[in-house]
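Each value in this text was obtained by applying a stated rule to the coordinates, not by laboratory testing. For clarity, every value in this text was computed on a predicted model and none was experimentally measured.
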Amino acid sequence: MKQECEHTESSDFMLGELTKPLHLARVSCATLALSASVASAQDYDEDGLALELQNPVAALISVPFQFNYEDDIGAGQNGSRSILNIQPVIPFSLNEEWNLISRTIIPYIDQEDVTGPGEKQSGFGDIVQSFFFSPKAPTKDGWIWGAGPVVYLPTGSSDFSQDQFGLGPTGVALRQQGGWTYGGLANHIWGIDPNDGKKAINSTFLQPFISYTTPNAWSFVAQTESIYDWNAEQWTVPVGLVVSKVVTVGQQPVSFSLGIREFVDAPATGPDGTAFRFNITLLFPK
């Protein structure tokens, strides 16, 4: 499984290829919108929400639907892949000093000409579940941090699953000053008891990031989502730029973002060149 923003560790211009994941997104959006519609109307601090959204361990419920498109994949570099990552983030208050932040990645993948000319596959990939124990207050130097376990669950279809559980540590540290957010997120997953013919996962994910959020709720982000496969001794390094805006639609605050990524290093059969990303994130402030 490829880690995307936590395995990430992963589109917007290929809507024709996203019929199934888009239908899934519509159903999820409708359900969440229905629950939001019963809430009383209120004015949201959109720039504050935009800044919170740059913090992976903020005490903010959010549900991102992340569309990715990659091409030049496969042995002949002729394949393409569309990925919808559903990534709910749910904070829990443990006591007056600590939060537990649950971050889940559920990928739906649709690809063509990757495993061979004219061959198509689609289905769910494996789930990556992270838990961050995070202090509610920053350190006296202004650092925000969280750490905990990451769990890899073999829930994907036969075309995309690694057929093994995985476990490892994850952590994040960042600072926010005057609209700027900078820091990094990392994890490592070791596979547990892989099925015959599968190597145990041994993968590191690194995501340094820097962003600037304006007073009118625009955010500009630069980041990498690098993966190192210790079995293959191979990096996958996409460098990305993302522009996002928080708006309120009716009573529902929503973030829309558009991004572009360039793969500066990848396996021989991995994605090459430019990839695209589009996010719709539903926000549920307290």
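The alpha-carbon of Lys286 sits under 20 angstrom from the alpha-carbons of these aspartates and glutamates, leaving out residues fewer than 8 places away in its chain: Asp43, Asp45, Glu46, Asp47, Glu52, Glu96, Glu97.
Our coupling estimate for segment 220-228, obtained by passing each phi through the Karplus curve with A = 6.51, B = -1.76, C = 1.60 and θ = phi - 60°, is 10, 10, 10, 7, 10, 10, 8, 10, 10 Hz, Gly and Pro reported as x. Over segment 157-205, all Cα pairs binned in 10 Å intervals from 0 give whole-percent P(r) values of 23, 34, 21, 15, 7, 0, listed from short to long. Pairs exceeding a 29 Å alpha-carbon distance, out of Lys136/Lys199; Lys136/Lys198; Lys120/Lys198: Lys136/Lys199; Lys136/Lys198.
Close amide H pairs (under 5 Å, H built 1.01 Å from N) link Phe165 with Ile192, residues at least 5 positions away or on another chain.
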